[in-house]
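Peer 1: I have a structure here, written as structure tokens, and I will follow up with some questions on it.
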Amino acid sequence: MIDVVLCYEGVTDFEPLCILMKKAADPIELSVTPKTRGELKKDIWLLKKRTGIHPRITSVDRFVMAAVKYGYTHIAYHMDADHDYQARYKDIADRLAPLQDKIHGLAVVPKEMIESWLMADTQAFAALYKKAPVRPELPKAPENLWGEEKNPDSNFPKNVMKRVLKQYHAEPNRQVFADIAGFSDISTLRAQCPLSFERFYQDMQMFIRTNEPEEESSI
């Protein structure tokens, strides 16, 4: 069992991310504890009060500080790429890297949003809405979705997800996202999201190996 603290971005993100992390880690068991951005701000406020220093740092840095303070050993930081995947992933991974010998960090960065991952498996919707008279029309390349957020007919991932769920008279919420993740097949997500989900999957394999005991020398 590996205890992981996950800092997540939005109110609908934790449950599906937790499910996907556990599926990607199988057969290693994970226990995932949520951490919000707001909770991290308290640590910075205490630092400023104690030292008088006002550091200009990111939420990732706050997360690392909290990990050091509270003795976390495995931390995962989630942030949607929002059309800037490579830079966003590199920034988070680089900020988590310096303490990898003591604190193992995982960058969880969907391209473009968690909705992109959740729209990758048609069978997940078919399983969730078994009695529905329609089959979902899902985007063929969910990682490539992008468009104007304020235009409901655009390919902005959240807008596309709303239209997909409307076919089933459903709306996006925490439970629906968790249910979709629960029915999603990891192999399908890796194939349909070959950049960001595949990287997440491979990173997860390294992340869980950090908990394996070192082999004893035969010498």
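Peer 1: Before we move on, is H74 over 22 Å from F177 (Cα atoms), in contact with a Ser or Thr (Cβ under 6 Å, 6 or more places away or on another chain) and touching a residue at least 12 places away in the same chain (Cβ under 8 Å)?
Peer 2: When the stated conditions are applied, H74 does not pass them.
Peer 1: Here are some residues: P152, P194. Which one is over 28 Å from D94 (Cα atoms), not hydroxyl-bearing (S, T, Y) and not in a helix (DSSP H, G or I)?
Peer 2: P152
Peer 1: Confirm whether S116 is part of a loop (DSSP other than H, G, I, E, B), at pLDDT 95 or above and among the hydroxyl-bearing types (S, T, Y).
Peer 2: No: the conditions fail for S116.
One line per residue, one yes/no per condition, for (1) crowded, with 19+ Cβ neighbours inside 10 Å; (2) at positive phi; (3) part of a loop (DSSP other than H, G, I, E, B):
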residue: V64; (1), (2), (3): yes, no, no
residue: A81; (1), (2), (3): yes, no, yes
residue: K90; (1), (2), (3): no, no, no
residue: P110; (1), (2), (3): yes, no, yes
residue: Q123; (1), (2), (3): no, no, no
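Peer 1: Turning to a different aspect of this structure: Among the residues of segment 125-138, write down those that are surrounded by 16 or more Cβ atoms within 10 Å (Cβ to Cβ) and either touching a Pro at 6+ places or on another chain (Cβ under 9 Å) or not in a loop (DSSP other than H, G, I, E, B) (or both).
Peer 2: Across segment 125-138, the qualifying residues are F125, L128, Y129.
Peer 1: Any chance you could count how many residues in segment 79-134 are basic (K, R), under 15 Å from F200 (Cα atoms) and touching a residue at least 24 places away in the same chain (Cβ under 8 Å)?
Peer 2: The total comes to 1.
Peer 1: Suppose the filter is in contact with a helix residue (DSSP H, G or I) (Cβ under 6 Å, 6 or more places away or on another chain) and either of a type in the set (G, A, S) or touching a residue at least 12 places away in the same chain (Cβ under 8 Å) (or both); does W146 pass it?
Peer 2: no
Peer 1: Are there any pairs, at least 6 apart or on different chains, whose C-beta atoms fall under 6 Å, with the first in segment 191-203 and more than 14 Å from A141 (Cβ to Cβ) and the second at pLDDT 95 or above and among the charged types (D, E, K, R), and if so, which?
Peer 2: Matching pairs, first to second residue: Y201/R190.
The values are calculated or read from the model by the stated rules, or taken from the named source; none is laboratory data. For clarity, every value in this text was computed on a predicted model and none was experimentally measured. Neighbour counts run over all protein chains shown; Cβ positions are idealised from the backbone, glycine included.
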